[in-house]
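Before any comments, here is the structure.
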Amino acid sequence: MASDLVNKMETMTGAKALMTALEKEGVKEVFGLPGGANLPMYDEFARCNIRHILTRHEQSAAHMADGFGRVSRKPGVCFATSGPGATNILTGIATAQADSAPMVAVTGQVPVAMIGRDAFQESDIIGMANPVVKYAFQPRHANEVPEAVRKGFFIAETGRPGPVLIDIPKDVQTNEAEMTFPDEFKIRGYHPWADPDMVNVEKAIDMLLNSEKPVILAGGGAIISSAFAELQVIAELLMIPVVTTFKGKGSFPENHPLSLGPIGMHGHAEANKIMTEADCVLAIGTRFSDRSVGTFEAFEKRLKIIHMDVDPAEIGKNQTTSVAVVGDVRASLRIMVKMLTQKAIKKTEDSIWLKHVRETKEYWKENLKLHPGEMGAAKILRKLRELLPHESIVTTEVGQHQMWASLFFDVIQPGTFFSSTGLGTMGWGFPAAIGAKVAKPTVSVVDIAGDGSFSMTENSLATAVLEDIPVIVFILNNFSLGMVAQWQRTFYGRRMIGVDQKNCPDYVKLAESYGAQGLRAQSMDELDRAIKTALGSDVATVIDIPIDPEEDVLPFVAPGTSLSDMVLPS
Amino acid sequence: MWAILSLLVENKPGILFKITHMFRSRNFNIDSISVGVTDNPEFSRMTITTIGDEKKVEQIVKQLDKMIDTIEVKQLDEHKTVYRELSIFKIKLSNANDSMEINKLANAYGGKVHDVKKGSMMVELTATPDQIEAFQELAKPFGILDVARTGVAALQRSGA
């Protein structure tokens, strides 16, 4: 309370208080779309230093804020109006929640007196969003707005990050009140930080040292907490091979000798093999999703699991653990590094296990059968990797191209690869790429896309062009909903239903109609030129790369089976 | 396993909705729930009883604890806890002796009799859920017309 008195009281509207509070949080950009119930907020853009980036659909605004948040590690902000505007951002909010991305979504709401009367464009967005937000606020008085923003940002970015919704009735936006902007506040039921757990870190070290076939499994938490350096030091000190979840892809340089890449449904063959042979796993910031580990029982039955996570509720949710270390994973890994250094533990490369790991990796490098054509997915993505600077940011859409990216696009610089891994939201990659580019304008940003997924938010081309946010959309175009088609080929007797998109639209013309650059690459030479042209352009570019609609993503661990049941290319 | 959970939560609109929604969305079950404001009007006390194995109950506690509006979440040991539920039964009176018989039964369980009318009477019983169910079994032959139960309220004994 003392700090409230220090803050000068000022009379202003709720809308002005919102923008002032956002400025105090350091917000420079807001992604959004105006409507009747958020016009008072929009009017404030005329009087503040925050840039508004107009989207053509609220879902895209949320994905842009999500992409911004994942790259900058500060909450991205999106605005939507009440009713359909609010329901449109729900998919974006749920996507951020599933992948623990920091976001603050601000919706307009009908005036307080109209709530519950089925007013025009009224939706109970607080009720609808409840299961997919980290927290939601609905200030009922203008003077509650500053605290909702301060608490909202704090909740969104601390602990396990996530989306926060602030739903502001229109009269709360227009009413004037004496405002204070508190620096200090208390949230009694929220304790995002745990003290570092020295005892269990020590136990974890003992367990790793006493196991014959240890593996490190790095998840999304390793990326969120930027534990890259610590992870690498530990892997190198203990000489433990590193696999990742798909969300953790690129938490460890994929060209490192100890790297095996992602495990899971479409994991690398060598990663899945080594994971199934290991006797002990150091799991860092992962929730053991079914897509990563296959059937839970088969996974935990064989393994001693050391689980590090910032969220205590993840311990024991999907897997029974032998040692649990609750807390920020970077902090926990730092303690581990310190203890290892103190004990002067440094392993060498000559263990039987490491030799076996190297041989397995070598074997699959030589023996994994790839698509024989010139324009196979592996060749296309390796070409992109060859030409794309390591610091570039890559997002993906959802589908076959996403899993090919997982298999064939190596992330060299940690923390440069982002995907909708939890909710699997088609249409995420392109708007997220725009958000990423806003967060980091100095690097190239590429959305590895498929035609089906890109179609869902392709109108974000308008945002990319008009707001001058030049990202590259890299479409592996198989003229179909390729992943569904693959499942129909594999599990439904080739009965292809509802998957054929044909060559509609023409993505080159589509790009051009928005004022973007459209390029088509039908050979490796054309692809080489197209990528170089796109990287040298200052306008958003779509590269349309026709591929074989019959190419499957392999290896494949079928749903409901274990990692050892991997299906390989024949 | 039957478990009693005691929650101290923010006394704000929408909290009950959030708690029950979490149970639904994570495929947990609420056996009973009772809510009331505490001596400090900023907080409410919720008592939730649920059924699940040890692992499930542990997950429920963790998921409740994770919620920002819960201040404190505890699983209570039923042997170290005072827990009671209020129930009201409306029971049919068919024969002349029924009201006397039901009165005796109510007394045996520490219940109180209300609203004795031609054809029906009411019994108020505050007891453990087991005792309420035992009473219900014995009252069944008379014909139970209606039952209202509050769910369990519970507090751990001092020093337990």
Exercise for the section: Would you confirm whether any residue within region B:148-155 is part of a strand (DSSP E or B) and at positive phi? Expected result: yes
Practice task
Go through A:Val357, A:Val394 for me and flag whichever is of a type in the set (A, V, I, L, M, F, W, C), in the same structural domain as A:Gln522 (by TED's automatic domain parsing) and not in a loop (DSSP other than H, G, I, E, B).
Solution key: A:Val394
Handout entry: Unique residue being touching a Pro at 6+ places or on another chain (Cβ under 8 Å), at pLDDT 95 or above and not polar (S, T, N, Q) when the list is B:Lys66, B:Lys74
Key = B:Lys66
Practice task
With the condition kept exactly as written, say whether any residue in region A:38-53 is in contact with a Leu (Cβ under 8 Å, 6 or more places away or on another chain), crowded, with 21+ Cβ neighbours inside 10 Å, over 19 Å from A:Ala21 (Cα atoms) and touching a residue at least 60 places away in the same chain (Cβ under 8 Å).
Solution key: no
Problem - Test: residue in region B:83-100 that is more than 14 Å from every other protein chain (Cβ to nearest Cβ), surrounded by fewer than 20 Cβ atoms within 10 Å (Cβ to Cβ) and among the aromatic types (Phe, Trp, Tyr) - result: yes
Handout entry: Selection within region B:106-147 - of a type in the set (D, E, K, R), assigned to a strand (DSSP E or B) and over 26 Å from B:Thr38 (Cα atoms)
Key = B:Lys112, B:Asp115, B:Lys117, B:Asp146
Practice task
Scan (1) touching a residue at least 24 places away in the same chain (Cβ under 8 Å); (2) outside the structural domain of A:Cys78 (by TED's automatic domain parsing); (3) in contact with an Asp or Glu (Cβ under 9 Å, 6 or more places away or on another chain); (4) crowded, with 19+ Cβ neighbours inside 10 Å for the single condition A:Asn255 breaks and write down its number.
Solution key: (4)
Handout entry: Elements of type helices (runs of 4 or more DSSP H) in region A:256-346, at least 1 residues being within 14 Å of chain B (Cβ to nearest Cβ)
Key = A:296-302
Completion exercise
Flagged pairs (Cβ under 8 angstrom, 6 or more apart or on separate chains; first in region A:380-400, at positive phi; second in a strand (DSSP E or B)) are A:Gly399/A:Gly450
Practice task
Just name the residue that is modelled with the lowest pLDDT out of those in region B:134-158 that are exposed (fewer than 13 other Cβ atoms within 10 Å of the Cβ) and either under 18 Å from the mean Cα position of the chain (by Cα) or of a type in the set (D, E, K, R) (or both).
Solution key: B:Arg157
Completion exercise
Log entry, pairs with first residue in region B:3-14 being more than 12 Å from chain A (Cβ to nearest Cβ), second being outside any strand (DSSP E or B) and of a type in the set (D, E, K, R), beta carbons closer than 7 Å, six or more apart or on different chains, reads B:Ile4/B:Glu78
Practice task
Run B:Asp65 past the list (1) in contact (Cβ under 8 Å) with a residue 40 or more places away in the chain; (2) within 8 Å of chain A (Cβ to nearest Cβ) and report the number of the one that doesn't hold.
Solution key: (1)
Practice task
Residue by residue through region A:495-549, note down the ones that are touching a helix residue (DSSP H, G or I) at 6+ places or on another chain (Cβ under 9 Å), exposed (fewer than 14 other Cβ atoms within 10 Å of the Cβ) and in a helix (DSSP H, G or I).
Solution key: A:Ser513, A:Met524, A:Lys532
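The values are calculated or read from the model by the stated rules, or taken from the named source; none is laboratory data. Predicted model, so just to flag it, every value in this text is computed and none were measured. Every residue, glycine among them, receives a Cβ derived from its backbone with ideal geometry; neighbour counts consider all protein chains shown.
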